[in-house]
Amino acid sequence: MYISIPFILLQKKYQELSSFSMNGCGGDFRAPLDTTETRTFPTAATPELAADRLNSALFELKSNPTPFESGIIRIEVRIFLLIMSHQPRTHFIAIVPIQQQIEALDWLRSQSQSLVLPRCYFSGRDSTTTLFQNQHQNENANEKGRLVSVAGLGSAVFFRHLRPFSFDDWHSIKRFLSKKCPLIRAYGAIRFDPRSEVGSEWKGFGSFYFMVPQVEFDEFEGSSMIAATIAWDNRLSMTYEQAIAAVEATMWQVSSGIRRLNGNAPRAVLRHQTHVPDKSSWDSAVKRALDMINWKDSTLVKVVLARSSRVLTTVEIDPLEWLTQVEGDNAYQFCLQPPESPAFIGNTPERLFYRQQLSICSEALAATRARGESEYLDLQIGQDLLSSPKDHHEFAVVRESIRRKLETVCSSISVEPYKALRKLPRVQHLYAQLTGTLQKEDDEFKILSTLHPTPAVCGYPTEDARILISESEMFDRGMYAGPVGWFGGAESEFAVGIRSALVGKNVGALLYAGTGIVEGSNSALEWQELELKTSQ
């Protein structure tokens, strides 16, 4: 007991220090940072050794303070696990590199005593279309391999406000990013409708929330990397010394928890589940939407109505544990958790856009069918989806709307494939890919604000659908169906935050799903589609 009390007090002190961060939205976005750099240190054989090297690098930075009044510095150590191999007929023991076995999500789950800190997790969708195809990575492909996922703990700088995300806010984020430091990124999400009232469960997210992690674990194919980022700006009341102390405090917690990987969480048993709206109210909402669509003077073609399902269990659900159980094939997985807030997690198949310098890529994804139990039945269901007039109409509205929006900011547009099937583990959708060329890189904000919300999650025309949604839905969508992803120096990527849930911090779990209502929709079938989507 005598030993544990000082340890608890020390732990509390470090938690308070590490939670100290600055909001980058408060500064002058027109003033560039004085310095931006990445420092790479020699490879380590274990996560523990990598953490020790980062701590040594932090001590060096602390001992030799910078003269700059603002800046951001990323320090990184690559981890390449080794095994001992005895060579036949010799007395030598060889050190052989092996593919790393530590996943970023496992690393983040191991930080159990750092729950007061904000955290984030993002993984790419698959090996060919991923959140992490960056220029830095391509130049060093043989050395690092493909970047699979990123986990972050603590925020070197965060960006949050109750007002809608603006061009000035975008500039405030980009101020801390640089093409020469491509792995310094701001991860986060934006509300579906920033003009709607923020529900109490979403309060910690504001209208938007982004964070540049203090400590980050990058999972590559064949290796991994641990990094720490120090950000400071005297004009934002965050000095270099304070930033160093905050990162040191976070690293102290990470170093003590990094050995506890792959812990088993207690199983959560379902106690209660409620839907908003319930089935009766859903039928009424769909009828009202169809009446508006079919009204002779109406311009409304489609509206996407959503449902919130509250799940209460015997124990509080661990959002990261839950994410490990989700079928993640062909989907972006994410977790975003501001301090003292529930975690927003998701498993979304839908890309909003990917930008690399002036090149832009987006997708249209709409209409849903279940997968077949046999190859023949699956093919039959897919053909039915491709030939359905109702589903084609719903999909065409989405594709053509995205194409028109891209044309406003791109010099050229191509659509290929024009209409195809996107098959996921439990469902399949109609799909098209759209690519274009931006006129200038500052058009990134225009792309984000123009593409969101797409008809796939809102409807068409956008404003007519948004008004009907605000009048019909009796819950706050929050970040559900909003943009979720990251900004980088030369590139960025955002998915659409569907197939998602808000988990923990006394809310149990709130599961979100939506379905498109067009002429010919049936409320009972649309309810079944909600059940199918939630089952994932």
Report task. Tell me, yes or no, whether segment 464-486 has at least one residue that is over 26 Å from I293 (Cβ atoms), among the acidic types (D, E) and surrounded by fewer than 17 Cβ atoms within 10 Å (Cβ to Cβ). Result -> no
Query raised in the report: What about R267, is it assigned to a strand (DSSP E or B), over 30 Å from F395 (Cβ atoms) and modelled with pLDDT under 90?
Result: no
Report task. Those residues that are within 24 Å of G520 (Cα to Cα) and touching a Ser or Thr at 6+ places or on another chain (Cβ under 6 Å), I need them from segment 288-341; list them, please. Result -> M292
Report summary line: All conditions in (1) under 27 Å from I173 (Cβ atoms); (2) assigned to a loop (DSSP other than H, G, I, E, B); (3) within 22 Å of the chain's Cα centre (by Cα) are true of K440 except (3)
Report summary line: When segment 147-179 is checked residue by residue, the ones that are more than 23 Å from G124 (Cβ to Cβ), touching a residue at least 60 places away in the same chain (Cβ under 8 Å) and basic (K, R) are R160, R175
Report task. Only one of these is of a type in the set (G, A, S) and on the phi > 0 side of the Ramachandran plot: A465, A490, A481, A495. Name it. Result -> A481
**Report entry** Neighbours by Cβ (under 8 Å, 6+ apart or cross-chain): first from segment 196-214, more than 30 Å from G71 (Cα to Cα); second assigned to a strand (DSSP E or B)
**Finding:** E201/L502; E201/L510; W202/L502
**Report entry** Qualifying residue in segment 500-507 (condition: in a strand (DSSP E or B), open to solvent by less than 10 Å² (accessible area, probe 1.4 Å) and in contact with a His (Cβ under 8 Å, 6 or more places away or on another chain))
**Finding:** no
Query - In segment 184-200, the residues that are open to solvent by 10 Å² or more (accessible area, probe 1.4 Å) and touching a Ser or Thr at 6+ places or on another chain (Cβ under 9 Å) - result: I190, D193, P194, R195, S196, V198
Query raised in the report: If you go through segment 444-451 one residue at a time, do you hit one that is under 20 Å from V303 (Cα atoms), open to solvent by 20 Å² or more (accessible area, probe 1.4 Å) and in a strand (DSSP E or B)?
Result: no
Report task. Identify all residues within segment 156-172 that are over 18 Å from T38 (Cβ atoms) and either of a type in the set (S, T, N, Q) or open to solvent by less than 10 Å² (accessible area, probe 1.4 Å) (or both); write none if there are none. Result -> F159, S166, D169, W170, S172
Query - Flag if T239 is surrounded by fewer than 17 Cβ atoms within 10 Å (Cβ to Cβ) and not aliphatic (A, V, I, L, M) - result: yes
Query - Residues that are surrounded by 19 or more Cβ atoms within 10 Å (Cβ to Cβ) and closer than 15 Å to E471 by Cβ, drawn from segment 291-315 - result: I293, L300, V303, V304, L305, A306
Requested in this report: Return yes when G520 is part of a loop (DSSP other than H, G, I, E, B), touching a helix residue (DSSP H, G or I) at 6+ places or on another chain (Cβ under 6 Å) and at pLDDT 95 or above and no when it is not.
Outcome: no
Query raised in the report: Quick check: anything in segment 191-204 among the β-branched types (V, I, T) and in contact with a strand residue (DSSP E or B) (Cβ under 7 Å, 6 or more places away or on another chain)?
Result: no
Query raised in the report: Has segment 12-24 got any residue that is at pLDDT 90 or above and open to solvent by 20 Å² or more (accessible area, probe 1.4 Å)?
Result: yes
Query raised in the report: Here are some residues: E493, E471. Which one is within 23 Å of the chain's Cα centre (by Cα) and among the charged types (D, E, K, R)?
Result: E493
Report summary line: Residues of segment 455-497 being among the aliphatic types (A, V, I, L, M), touching a residue at least 40 places away in the same chain (Cβ under 8 Å) and assigned to a helix (DSSP H, G or I), in sequence order, are A465, L468, I469
Report task. Could you please find all residues in segment 487-496 being touching a Ser or Thr at 6+ places or on another chain (Cβ under 8 Å) and either of a type in the set (D, E) or farther than 24 Å from P455 by Cβ (or both)? Result -> G489
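The values are calculated or read from the model by the stated rules, or taken from the named source; none is laboratory data. Only a predicted model underlies this, so the values are computations on that prediction, with no experimental measurement involved. Don't worry about glycine lacking a Cβ; one is built from the backbone with ideal geometry, like all the others, and counts go over all protein chains shown. Each accessible area value is taken on the protein alone, full model and side chains, heavy atoms only, with ligands, DNA and RNA left out. Shrake-Rupley method; radii C 1.70, N 1.55, O 1.52, S 1.80 Å.
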